[in-house]
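Beneath this line is the structure, given in structure tokens, with notes to follow.
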Amino acid sequence: MKYFLGDRVDRNISYQILLSIILVMFAVSGIDFLFLVLNELSDISITYNLKELISYSIMSMPYRLFDLTAYFCLIGVVVGLGILSDNGELIGARILGKSIISIALSSFKPILLVMLLGLLACEFIIPNLSQLAEENRLFKKEGENSNTRYWMQGDIGFISFISVPKKNKVRGLSVYELNSESKVTKIIQSKEAVLNSDDLELVDPTVTIIDRRSNFKTYDFNNLSIPGLNSDFSFLLSPKYLSLTDLYKQIDSSSSSYRKNLLSLEFWRKILQPFITLSLVLLALGFLFGPMRDQKSGQRIVIAIGVAFSVDLIQKLLGSISIVSNIPSVVAVLTPILLITLLAFLLLKKVN
């Protein structure tokens, strides 16, 4: 542990970087949260009230923060090392024998901690939380009579539902049972249903049997089971709701090439995010010890924000191209990383 933390100078650098990353994260997330709330105010209604709006905004923040982790780290390193430089502490560290490599390693330690926490959250916390936030928002806004539905084909006919708050749970379910002539013979409806193994267990369903001779007859059942479904509904969800494990499983099983490209892009983007973070930190170090060495803190921050915005734009552009072309998703994600790393090494090579 002592070897990892280093001496007092190393710990001071790591502490300042970690503190700067946390401050940047709180500042940016606060602004992002405010804009998200303001954007959602136009959709407010009786069912989607202020309480639901705030709840949605809070539950959406973890994914939004994870998506911006690399840029938090970039700006945090620029701010942290900039403060140390302005206070003369970096010069003091160099006088005490600390090389640029040693300072860089001290800067990387808190970033490794942030990346590890981000990957764990991406696998175990963020997918379910983000899915619940989006699906609850849709259900509250649209209501049970929503025209926007998920549709799928089962063994007995067609199944539709409004939202999927969990991978094994749906809301606003309607099942249309067909006969051999593909005509609807029965309509099963339920406010909620839970998928257990291959059976969909309905809670207090209403079954309407269509009788051509006497219009409709309605019967109520409990725990009606509908066989023929998959183990969960994750194959219907947006790739950003999925964990790395689910993404990896669905890439091979997806029959749609467009869906497969989306899954592949999201998988590589998430799994390679630590590398984009490290490349941006290297670039920040190259700027701090090179072109931005004599600039003021405000100028450094503006440049860092500009770099973060440019990298994010390039990533999204290459990702969009890879979805509709034959460019592999891993190439689209790796290209900015390699270019940033090359530029960072060229800048660091000129530093004495």
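Read-outs throughout are calculated quantities, based only on the coordinates presented, and are distinct from any laboratory measurement. Since this is a predicted model, take the numbers as computed values, not measurements. FYI the Cβ positions are ideal-geometry reconstructions off the backbone, even for glycines, and counts take in every protein chain you see.
In table form, for the structure just shown:
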| quantity | calculated |
| --- | --- |
| Rough spin-label spacing in nm, given labels placed 7 Å along Cα→Cβ, for Leu317 and Leu23 | 3.3 |
| Rough spin-label spacing in nm, given labels placed 7 Å along Cα→Cβ, for Ile271 and Asp294 | 4.7 |
| Among 66-74, 161-169, 242-250, the order from most to least packed when residues are scored by Cβ within 10 Å on average | 66-74, 161-169, 242-250 |
| Calculated diffusion of the chain, Stokes-Einstein form, Kirkwood radius summed over Cα pairs, 37 °C and 0.692 mPa s, µm²/s | 140 |
| Net charge over other residues, Cβ less than 15 angstrom from the Cβ of Leu282 (K, R count +1; D, E count -1) | +3 |
| Angle in degrees between helix 297-323 and the longest Cα principal axis of the chain, rounded to the nearest 10 | 40 |
| Among the listed pairs Lys191/Lys249; Lys140/Lys166; Lys191/Lys270; Lys141/Lys270; Lys141/Lys240, those beyond 26 Å (Cα-Cα) | Lys191/Lys249; Lys191/Lys270; Lys141/Lys270 |
| Between 0 and 90°, nearest 10: helix 273-288 axis offset from the chain longest Cα axis | 30 |
| Label point distance in nm, Leu236-Lys191, each placed 7 Å from Cα along Cα→Cβ | 1.9 |
| Candidate lysines - alpha carbon under 17 Å from Lys186, same-chain residues fewer than 8 apart omitted | Lys217 |
| Folded to 0 to 90 degrees: helix 126-142 orientation relative to the chain principal axis, Cα | 50 |
| Separation of alpha-carbon centers, region 247-325 and region 106-182, rounded to whole Å | 26 |
| Neighbour-count ranking [beta-carbon atoms within 10 angstrom, fewest first] of Phe158, Phe275 | Phe158, Phe275 |
| Calculated FRET value between Asp86 and Val330, using beta carbons and R₀ = 45 Å, to 0.05 | 0.65 |
